[in-house]
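Readers should treat all values here as calculations from the given coordinates under stated rules, not as data from a laboratory. Predicted model only: the values in this text are computed from it and were never measured. Cβ atoms come from the backbone with ideal geometry, glycine included; neighbour counts cover every protein chain shown.
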Amino acid sequence: MGDPVVHETASCYPFARFGKEWRLCMIEHPRFGGELVPGGHAEAGEEVLVTAMRGVLEETGHRVRLLPPPLPEGYPHPAAASAWHVVSMPASADSRCDSRHVHRDHIVVGVVDRPFAVHGSPEHTAAWVERGALERLDIPEDTRVLAAELFRVIDRAAAGRPRVAVEEGLGAELLRRQKEDQAVRLVPVAERTPELMERWRALDEANTAWLRELIAARGWPGGALVGRQAAGAAWLLAQHADRQPEFQEECLELLAAAVTAGDADPQHGALLEDRVRIAQGQDQIFGTQLKRGADGTLIPYPVRNPDRVEALRAAWGFKPLETYIEQVAASVR
């Protein structure tokens, strides 16, 4: 008997932050039944990391960013994304091999920074599952064991390398710009003159141009770079960059990655997610963007899943939608 036929495969464990908590993306597999993590066979000449990312995109519609295995605290060199484990698993005959064979499976771990953004048409039904659901799901025992361990380490793995010190001068400039931004917006509606509105427009354009230059030079200004309060100011400038929607979407991608790394407030990511989606003519997720209804009262722009919006708001720490609308209405009188 000769050596068994070996197929190179990849399995990806894609995680995303849902508010303060992590969830793992799993698919309902039509052939095996139950839930599995996405993945697949490597094509001829294909790197297994590419196989993993392709598998996630094709099977779930999500774009995953692969993570390197976590190194010990204090290790001085950055790591590159790679397989966390390589295991050999017996496999039954399938469409690729008419006899029993072996899968050399390259297990990778990744993050999806925007779990509500779906690209293309997913091949399978996908769901984001929390740690406590692992014991209830119909999943292979090896997947259950490894997923439980990955939930334990994902926070550190996603965090990346922290910067050495907060840049106080940059943070102070962000806070100064935030103060100016809020000063014009807090003027009561009845007192908003044409001169004020022109100042409002010019201020937003200047802040957007400044933020664009900052990001090009330094990347997203998260808490590790400018401090938590000033990081919130950076989000506010992006939130008000409506006149440049392509740049605003770029800010969303960068902010979402900072949220994943624990370097930005998840609520800021949710607010900008809704803002960008509305600008693109899509339904929002969290109901944070409001407009005037036919009777003049504030109502949310269309929400993608009204039955889940309150649960999602609670997971992200937002108040119930009715309370939120009342508070916004009181602030703009």
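Short version: what are the Cα gyration tensor semi-axes of the stretch 122-231, square root of 5 times each eigenvalue, largest first, in whole Å?
On the way: eigenvalues 392, 89, 33 Å².
Largest first, the stretch 122-231 gives 44, 21, 13 Å.
Please figure out what share of the DSSP beta bridges in the stretch 6-159 is antiparallel and state it in percent, rounded to the nearest 5. Please list the in-between numbers first.
Details: 24 of 34 bridges.
Expressed as a percentage, antiparallel bridges in the stretch 6-159 total about 70.
Would you work out the relative contact order for the stretch 236-298, in percent, from Cα pairs under 8 angstrom that are 6 or more residues apart? Let's see the in-between values first.
Details: 48 pairs, mean separation 14.9, N = 63.
Once normalised by length, the contact order is 24 percent.
Percent antiparallel among DSSP beta bridges with both residues in the chain, to the nearest 5?
Around 70 percent of the beta bridges assigned by DSSP in the chain are antiparallel ones.
Taking θ = phi - 60°, what integer Hz values does the Karplus form 6.51 cos²θ - 1.76 cosθ + 1.60 yield along the stretch 129-142, in sequence order, with x for Gly and Pro?
10, 8, 4, x, 7, 4, 6, 9, 7, 8, 10, x, 5, 5
Going highest first, how would you order 260-269, 28-37 by mean Cβ packing within 10 Å? Intermediate values should be presented prior to the final figure.
On the way: 260-269: 21.2, 28-37: 14.8.
Taking the mean over residues of other Cβ atoms within 10 Å, the ranking is 260-269, 28-37.
Suppose the Debye formula is applied to equal point scatterers at every Cα of the stretch 95-152; what is log10 I(q)/I(0) at q = 0.13, 0.25 Å⁻¹?
-0.54, -1.21
For labels at Y75 and E130 in the simple 7 Å Cα→Cβ model, what's the distance in nm?
Taking the two extended label points, one gets 3.2 nm.
Give, in nm to one decimal, the length gained when the segment between A311 and R218 is fully stretched (0.36 nm per residue of separation minus the Cα-Cα distance). Mind showing how you got there, number by number?
Values: separation 93, 0.36 × 93 = 33.48 nm, distance 3.57 nm.
Extra length from A311 to R218 when fully extended: 29.9 nm.
Rank the residues D105, D283, D307 as a footprinting-exposure proxy: fewest other Cβ atoms within 10 Å of their Cβ go first.
Details: D105 21, D283 15, D307 7.
Going from least to most buried by this count: D307, D283, D105.
What relative contact order, as a whole-number percentage, does the stretch 6-159 give when Cα pairs under 8 Å and 6 or more residues apart are counted? Numbers along the way, then the final one.
Details: 301 pairs, mean separation 49.3, N = 154.
Relative contact order, the stretch 6-159: 32 percent.
How high is the relative contact order of the chain, given as a whole-number percent (alpha carbon pairs under 8 Å, six or more residues apart)? Kindly include the intermediate steps, with their values, before the conclusion.
Details: 527 pairs, mean separation 51.2, N = 333.
Once divided by the residue count of the chain, the mean separation gives 15 percent.
Could you give the alpha-carbon Rg of the stretch 6-159 over 2.2 N^0.38 Å, rounded to two decimals? Numbers along the way, then the final one.
Values: Rg = 15.3 Å, N = 154, 2.2 N^0.38 = 14.9 Å.
That works out to 1.02 for the stretch 6-159.
Alpha carbon centre of the stretch 186-201 versus the stretch 22-82: separation in Å?
Each part reduced to its Cα centre gives a spacing of 50 Å.
Which percent of Cα-Cα pairs in the chain sits in each 10 Å bin, short to long?
Percent of pairs per bin, in order: 5, 21, 29, 22, 13, 6, 2, 1, 0.
So what is the 222 nm mean residue ellipticity for the chain from helices alone, if each DSSP H run of at least 4 adds -39500 (n - 2.57) and you divide by all residues, rounding to the nearest 500 deg cm²/dmol? Write down the numbers at each step before the final one.
Numbers: 10 runs with 139 residues, N = 333.
It comes out at -13500 deg cm²/dmol, rounded to the nearest 500.
Mind sorting E205, E253 by how few other Cβ atoms lie within 10 Å of their own Cβ, fewest first? Write out the running numbers ahead of the final one.
Working: E205 13, E253 16.
Ordered by Cβ neighbours within 10 Å, fewest first: E205, E253.
Name the long-range amide H neighbours of L290: under 5 Å, sequence gap of 5 or more, or other chain; modelled H, no Pro or chain starts.
It is Y301, by chain and number.
I need E310, E249 ordered by Cβ neighbour count within 10 Å, fewest first.
Values: E310 15, E249 18.
Sorted ascending by nearby Cβ count, the order is E310, E249.
Could you calculate the contour length gain from D142 to L196, that is, 0.36 nm times the residue separation minus the distance between their Cα atoms, to one decimal place in nm?
Working: separation 54, 0.36 × 54 = 19.44 nm, distance 6.27 nm.
Contour length minus Cα-Cα distance gives 13.2 nm.
Give the long-range amide H neighbours of H103: residues separated by 5 or more places, or on another chain, with amide H under 5 Å away, using H modelled in the peptide plane at 1.01 Å from N.
Correct list: H7, M89, A91.
Given the options R65, R104, R292, which has the most mean-square fluctuation in a GNM of the chain, springs set between C-alpha atoms less than 10 angstrom apart?
Of the options given, R292 has the highest mean-square fluctuation.
Sort 70-78, 227-235, 209-217 by the packing proxy (mean of other Cβ within 10 Å over each peptide's residues), most packed first. Numbers along the way, then the final one.
Working: 70-78: 8.7, 227-235: 21.3, 209-217: 14.3.
So the peptides 70-78, 227-235, 209-217, ranked by packing, come out 227-235, 209-217, 70-78.
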